[in-house]
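The values are calculated or read from the model by the stated rules, or taken from the named source; none is laboratory data. Keep in mind that this is a model prediction, so the values were computed, not measured. FYI the Cβ positions are ideal-geometry reconstructions off the backbone, even for glycines, and counts take in every protein chain you see.
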Amino acid sequence: MEGLKYVGKRIPKKDAPLKATGQAVYIQDLKLPGMLYGKILYSKYPHAKILRLDVSKAAALPGVRAVLTGADVPNNFKFGFLKDNPPLKSGKVLSTRDEIAAVAAITQEIADEAVDLIEVEYEELPGIFDPIEAMKEGAALLHEETKSNVLKLPWKFVNGDVEAAKKESAFIAEDSYTTQWVTHCCLGTSGCVASFDVSNNLTIYSNTQIPSLAQNDFLEALKVFGLKNKRVRVIQNTIGGGFGSKLDTYAYEYIAILLALRTRKPVKVVFSREEEFLATSPRQPTITRISQGCDGNGKLTFREIEMVLDNGAYTSWGATTPSVMMVPISSLYKVPNIKYTAKCVYTNNTYSQAFRGYGNPQATFAIESCLDELAIKAGIDPVEIRRINANEPGEVTPQNFRITSCGLKDCIEEVVNRLDWKNKHGKRNGRGVGMASLIHVGGAARVYKSDGCGTIIKVDDNGKVDVITGSSEIGQGSETIIAQIVAEVLGVGMDDINVINNDTDVCPWDVGVHASRTTFVAGNSALGAAEKIKAQIMEIAAKNLGEPVEALDMQDGVIFSKNDREKNIPLAKVLRKAHYTLGGRMLVAENFYDPPNENFDQTFRGNLSVAYAYGTHGVEVEVDRETGQVKILNYIAAHDVGKAINPMLLEGQIYGGGLQGVGYALGERMIWDRGYLKNGNFLDYKMPTVRDIPPVQAVIVESDEQAGPFGAKGIGEPGLVPTAPAIANAVYDAVGVRIKDLPITPEKVLRALKEKEGQKV
Amino acid sequence: MKKEITFTLNNEKINIEADPKWTLLYVLREVLEMTGTKEGCGYGECGACTVIIDGQAVNSCLYPVMEAEGRSIVTIEGLMAKNGELDPIQKAFVDEGAVQCGFCIPGMIMSAKALLDRKPKPTDEEIKESIEGNLCRCTGYVKIIDAIKSVGGGR
């Protein structure tokens, strides 16, 4: 790793100047000639029959070009993971975010006015808002074609013999933990612009995190709409925040497509902030029953978890979060015996989706809170029980994860030292310290059949390098990381590299920005492509310099002989030689990297990721016994990242993730009251502001992952995974009460303190 | 009924016909097609639409355009020098890694700029006060504070 010029350096983001000058074009900023503006009408009730839907007044409003209802959706088209979601609902609505009509008009104002003119008569039906109620026998079915409100998804993992282990355990801790709905709060709201050409090929500008999969979804939709053998082009404008919210395709995209098809004009649908709260899919709330045991020495003996997830009324990819919850459940610390089941349950609430961590934060909250309870029962320091059971390199976990690099122990010690754990733990004087760790996929995740990413590199005869990658930039910095890797391999400057990453007509295939996979997969893909193009360059240079390829190197865009620096040729000249020679050639290389990880088998075993990311967060808090307020005095976030390709951007991921975690732990909650969202705005939904940031240290632990590009592992999601349990554990250490229901609000802390006082009397 | 209105925008006089119910943000984005100023919520809670009016950072989504009469307004488009050189605060945001998705950044920079123009070496508390109305979901604010501090010579 010595002598690296670009990798490992604090290099500013390539797209930052565009964004800092206001020149970046987000979906909000995009205007096409003749473009119309769409607006969606949502259901007034969480569960109702639509008796009458009259769009005549809306259609008659001057400037309105189309009004669509469920009747206009061709061939009963439905989308989503279980294809249970029509883009416009007819007959019956199942949640207050159900789309029932949509308008396209020549201005946004006219479109907004038109949806208000749509007349709907409903017959309200009783709703089910509690997944436990929905699971009961005889509960009304949300989707009549199903036999149960429990989704037919087999989330179950068993290893060893939990019952026997229970009998042999010296100590057992058991309890229930619950988590809430939280939403991504992307500052740029969701939106798209759909447009058809004369041959009915679709171009859609979108914020999506999954251009290749979205392209396929839209292609499937066109087929159902009767448009066979068409092309779909997905172009990503600058994306104003993702965090998993754009890991699926949504009704608004299909609505824009249908409106564009009807009007033969480009149609833009961009959410208002209220819509963003109402109609995007939050992190799923969970009810977790957990039991963990250890022997007399603190060695973990078993972990048993039953989980219920509120799926909401329709099914997105979010219903697969239990597969990622399995990662910490099976493999955070060494636990020989595991039993896990999860049920996703239909309710008349908003439907859930992916959010940074993909289920991991919910599972880790239960595991790490319960682990502290177990440590208390066993009379062991919470640090000690984590040291005893910490994962190590070379380990094969119950799910058959093959642990390669693992810096967990180092992360724990970083937290212990930086928090001054020894002197601060166990005082119970209103101040306390707590910690929690994480495991997450760090070398991509084989969720689909392929986990690959393609890269094409071409060099032009000015010596400039175009890197065309399948991966997407959503603010996380992948564009810069890829450029750094290519610059390092080739020996050209950062400014000589242009990364093209936003157009399916140009870019190769990629699964998408999920599973913290982009640096690892797109980085490896780019690395391979750079090596291939370098070999081509060197071959031509060798001929021209009369030197063997092995003797050559390239720096700052100049190829030279290592034996004689005077023998050199600039890259641009090599290219001209290649282009201007009779029978010449282009300099183009392609590389597809699909990591050697494994799909789960039917027992949910398989090496899901090539590498695993670890981390430990430690928190010191002060709890006000009068108000119940929790104040974070010190926050340490230590992460095993393999190798930091760009420490500055990496810290940004840790700080940003960490504060999202603090919001999750201490304040954020979407209030869905019997199917109605009560706090769908920034006034009432308490997303952290600059006033809420604690003193925080991001600690980078490098474990040099052999399979990673220059040793790197993924870091996109881990930053928020262990935050909530670390804080909950610190609150317990401060005042002796355990909050088992997120968020940890002052009211809950006060109530718990009062109950504790009551017990004393 | 549209009315004529005159104000200074990024150091240039401008005269437009505006509907009195329009906000300044609407005029910037929809009439003048200056989309550097962002709309994150439309009700003054996120700060993405911040511009500087007579030296004060203001949410342009709540600002009736008729109030702009005779005033001097600076938007994100007005910070870069004519030769393409970034304003020191823009450069600091770039160099310190304060930009991720970037949607909040124009507003964030304008809030910081208003502070720095008034107080070239602000305290931590003043920095926080200046951006407490600007929401960011990506960065955790740490590097944004670092960036503002670096311009004030604080680092």
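Consider the stretch A:602-657 and keep the residues that are within 19 Å of the chain's Cα centre (by Cα) and of a type in the set (Asp, Glu). The one that is nearest to A:Pro722 (Cα to Cα) is A:Asp640.
Restricted to the stretch A:580-640, the set of strands (runs of 3 or more DSSP E) holding at least 1 residues that are within 26 Å of A:Leu659 (Cβ to Cβ) comprises A:612-623, A:630-640. Would you check if there is a residue in the stretch A:615-632 being touching a Phe, Trp or Tyr at 6+ places or on another chain (Cβ under 6 Å), surrounded by 22 or more Cβ atoms within 10 Å (Cβ to Cβ) and closer than 30 Å to A:Thr320 by Cβ? No. Hey, can you tell me all the residues within the stretch A:451-483 that are more than 14 Å from chain B (Cβ to nearest Cβ), part of a loop (DSSP other than H, G, I, E, B) and under 18 Å from the mean Cα position of the chain (by Cα)? The answer is A:Asp451, A:Gly452, A:Gly470, A:Ser471. Quick one: is A:Ile290 aliphatic (A, V, I, L, M) and assigned by TED's automatic domain parsing to the domain that holds A:Asn337? The answer is yes for A:Ile290.
Which of the residues that make up the stretch A:670-699 are of a type in the set (Val, Ile, Thr), without any contact (Cβ under 8 Å) to a residue 60 or more places away in the chain and either touching a Lys or Arg at 6+ places or on another chain (Cβ under 7 Å) or not in a loop (DSSP other than H, G, I, E, B) (or both)? Answer for the stretch A:670-699, where residues must be of a type in the set (Val, Ile, Thr), without any contact (Cβ under 8 Å) to a residue 60 or more places away in the chain and either touching a Lys or Arg at 6+ places or on another chain (Cβ under 7 Å) or not in a loop (DSSP other than H, G, I, E, B) (or both): A:Ile671, A:Val690.
Per-residue answers, yes or no, for (1) among the small types (Gly, Ala, Ser); (2) surrounded by fewer than 16 Cβ atoms within 10 Å (Cβ to Cβ); (3) in a strand (DSSP E or B):
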position	(1), (2), (3)
B:Glu17	no, yes, yes
B:Val27	no, no, no
B:Glu33	no, yes, no
B:Lys38	no, no, no
B:Cys46	no, no, no
B:Ile52	no, no, yes
B:Phe93	no, no, no
B:Ile109	no, no, no
B:Leu115	no, no, no
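Screening A:His617 with (1) out of contact with any strand residue (DSSP E or B) (no Cβ under 9 Å at 6 or more places or on another chain); (2) farther than 16 Å from A:Phe401 by Cβ gives one miss only, at (1). Among the residues in the stretch A:332-348, are any assigned to a loop (DSSP other than H, G, I, E, B) and more than 22 Å from A:Ile412 (Cβ to Cβ)? Scanning the stretch A:332-348, I find at least one residue that is assigned to a loop (DSSP other than H, G, I, E, B) and more than 22 Å from A:Ile412 (Cβ to Cβ), so the answer is yes. Counting the residues of the stretch B:71-86 that are over 16 Å from A:Ala24 (Cβ atoms) and facing chain A (nearest Cβ under 9 Å) gives 0. For the stretch B:1-59, taking the residues that are of a type in the set (Lys, Arg) and over 16 Å from B:Ser111 (Cα atoms), the one that is nearest to the other protein chains (Cβ to nearest Cβ) is identified as B:Arg29. If you go through the stretch B:128-141 and pick out every residue that is crowded, with 24+ Cβ neighbours inside 10 Å and over 15 Å from the mean Cα position of the chain (by Cα), you end up with 5. Within the stretch A:213-231, if we keep just the residues that are in contact (Cβ under 8 Å) with a residue 40 or more places away in the chain and over 23 Å from A:Ala279 (Cα atoms), the residue that is surrounded by the most Cβ atoms within 10 Å (Cβ to Cβ) turns out to be A:Phe225. A:Ser516 meets each of the listed conditions (1) in a loop (DSSP other than H, G, I, E, B); (2) in contact (Cβ under 8 Å) with a residue 60 or more places away in the chain; (3) out of contact with any strand residue (DSSP E or B) (no Cβ under 9 Å at 6 or more places or on another chain) apart from (3).
For the stretch A:29-36, the condition holds for at least one residue, the condition being that it is more than 30 Å from A:Thr480 (Cβ to Cβ) and crowded, with 16+ Cβ neighbours inside 10 Å. Is it the case that some residue within the stretch A:255-273 is part of a strand (DSSP E or B) and away from chain B (no Cβ under 14 Å)? Scanning the stretch A:255-273 turns up at least one residue that is part of a strand (DSSP E or B) and away from chain B (no Cβ under 14 Å).
On inspection, A:Gly240 passes the criterion of being farther than 25 Å from A:Val447 by Cα, part of a loop (DSSP other than H, G, I, E, B) and touching a Gly at 6+ places or on another chain (Cβ under 7 Å). Determine whether the stretch A:524-531 contains at least one residue that is over 30 Å from A:Leu202 (Cβ atoms) and in contact with a Cys (Cβ under 9 Å, 6 or more places away or on another chain). Within the stretch A:524-531 (the criterion being over 30 Å from A:Leu202 (Cβ atoms) and in contact with a Cys (Cβ under 9 Å, 6 or more places away or on another chain)), the answer is yes, since at least one residue qualifies. For the stretch B:124-133, the condition holds for at least one residue, the condition being that it is within 13 Å of another protein chain (Cβ to nearest Cβ), part of a helix (DSSP H, G or I) and polar (S, T, N, Q). Selection of the stretch A:644-683 for residues being more than 10 Å from chain B (Cβ to nearest Cβ) and surrounded by fewer than 19 Cβ atoms within 10 Å (Cβ to Cβ) yields A:Ile671, A:Asp673, A:Arg674, A:Tyr676, A:Lys678, A:Asn679. Scanning the stretch B:54-67 for residues that are buried (at least 16 other Cβ atoms within 10 Å of the Cβ) and in a strand (DSSP E or B) yields B:Ala57, B:Val58, B:Asn59.
Within the option set B:Ile73, B:Ile105, B:Ile127, B:Ile89, being closer than 30 Å to B:Glu4 by Cα and not polar (S, T, N, Q) holds for one residue only, B:Ile73.
Of all residues in the stretch A:407-424, those being outside any helix (DSSP H, G or I) and crowded, with 21+ Cβ neighbours inside 10 Å number 1. Any idea how many residues of the stretch A:23-56 are part of a loop (DSSP other than H, G, I, E, B) and away from every other protein chain (no Cβ under 13 Å)? Residues flagged as part of a loop (DSSP other than H, G, I, E, B) and away from every other protein chain (no Cβ under 13 Å) within the stretch A:23-56 amount to 9. Mind checking whether some residue in the stretch A:200-222 is touching a Leu at 6+ places or on another chain (Cβ under 8 Å), of a type outside the set (A, V, I, L, M) and part of a loop (DSSP other than H, G, I, E, B)? There is at least one residue in the stretch A:200-222 that is touching a Leu at 6+ places or on another chain (Cβ under 8 Å), of a type outside the set (A, V, I, L, M) and part of a loop (DSSP other than H, G, I, E, B).
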